[in-house]
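These notes are about the structure you will find just below.
The values are calculated or read from the model by the stated rules, or taken from the named source; none is laboratory data. Just so it is clear, the structure is predicted and the values come from calculations on it, not from any experiment. Positions of Cβ are generated from backbone atoms using ideal geometry, with glycine treated the same way; all protein chains shown enter the neighbour counts.
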Amino acid sequence: MSDVRQQIDELIHHHKVVLFMKGTRSFPQCGFSARAIEIFKRCGVQVKDVNVLADPTMRQGIKDYSNWPTIPQAYIAGQFVGGSDILLEMYESGELQKLLGVETPAAPPATAPRLTVTEAAARAFQAATPDAGPNDVLRLDVSPTFQVDLFFGPTVKDDFVVESAGLRVHVAPGAAARVDGVTIDFVEGPNGAGFRVDNPNEPPKVKTMTVRELKAKLDAGEALHLFDVRTDRERATASIAAARPLDDKALAGLAKDAPIVLHCHHGMRSRSAAERLLQDGFRNVYNLTGGIDAWSAEVDPSVPRY
């Protein structure tokens, strides 16, 4: 057995809950790792965290050990469970708490969600109705990770049936809270027409900005805060004039809805930093696609590439 496999064996058999993650439980360095830690916190259990970013051998070793390509990875009582999406689904179903041997308060009974269907969306659905099966109904599902699915399918016992714009939409009780307040529209766009679902319950996500979009905004004098998450040495090698180093002092006093753009060398470190800002309550956070390397290649060739 290789050293890394032996190390993993010892970790998962000496600790009830082990999370192989990016960063640490006190400072996760990706949104998925942060979500996994938060789920275990809700369950009130101790977690042995293993920072795969600190050891490339461990990072690849755990992928090979589990035959699972992504990080984070959770083990409970020596058994592989999965990543953050699986943990969230298990938590919401109560399966995770049973596996951990913890009790959680019973969830309040679900209530029928509020739902708005625009007239344009209603016409589009009505036009599609002939393609549905004779016993199919219009269903709306929003997963625990806020993936939306609009489809015709069979009715299910205990469905909520919500009426809007003359349409009857079926929603499973487990998704009702995530659906509450959703608006469904049908819009024309540059790539054609399609349904648009606006969900006020969905947590903020990191948005992307291209270097050309950033250049246009800077030239127009738009109010935004551009931060560089690279090291001092990298900044001395190449920098964007408008960017400031990212630190706690730089963020002090910024409104939570202030437009913030983060960049690094190629966009990976700034993506992780942007995820952390979302966790701190900032809601309007962008990651610069391609980082300063793209800026040098597409906007300002006088900035050295390295």
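Counting the residues of segment 85-102 that are farther than 13 Å from residue 45 by Cα and either at pLDDT 90 or above or touching a Ser or Thr at 6+ places or on another chain (Cβ under 6 Å) (or both) gives 5. Only a single item in (1) crowded, with 20+ Cβ neighbours inside 10 Å; (2) at pLDDT 95 or above is not met by residue 16, and it is number (1).
A quick yes/no check of all residues on (1) surrounded by fewer than 15 Cβ atoms within 10 Å (Cβ to Cβ); (2) in the same structural domain as residue 86 (by TED's automatic domain parsing); (3) assigned to a loop (DSSP other than H, G, I, E, B); (4) within 30 Å of the chain's Cα centre (by Cα):
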| residue | (1), (2), (3), (4) |
| --- | --- |
| 121 | no, no, no, yes |
| 125 | no, no, no, yes |
| 128 | yes, no, no, no |
| 133 | yes, no, yes, no |
| 138 | no, no, no, yes |
| 149 | yes, no, no, yes |
| 157 | yes, no, yes, no |
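The residues in segment 231-285 that are closer than 27 Å to residue 302 by Cα, free of Cβ contacts under 8 Å to residues at least 60 places away in the same chain, of a type in the set (A, V, I, L, M, F, W, C) and not in a helix (DSSP H, G or I) can be counted, and the count is 8. When we screen 69, 105 for residues that are part of a loop (DSSP other than H, G, I, E, B), modelled with pLDDT under 95, in the same structural domain as residue 8 (by TED's automatic domain parsing) and on the phi < 0 side of the Ramachandran plot, the only hit is 69.
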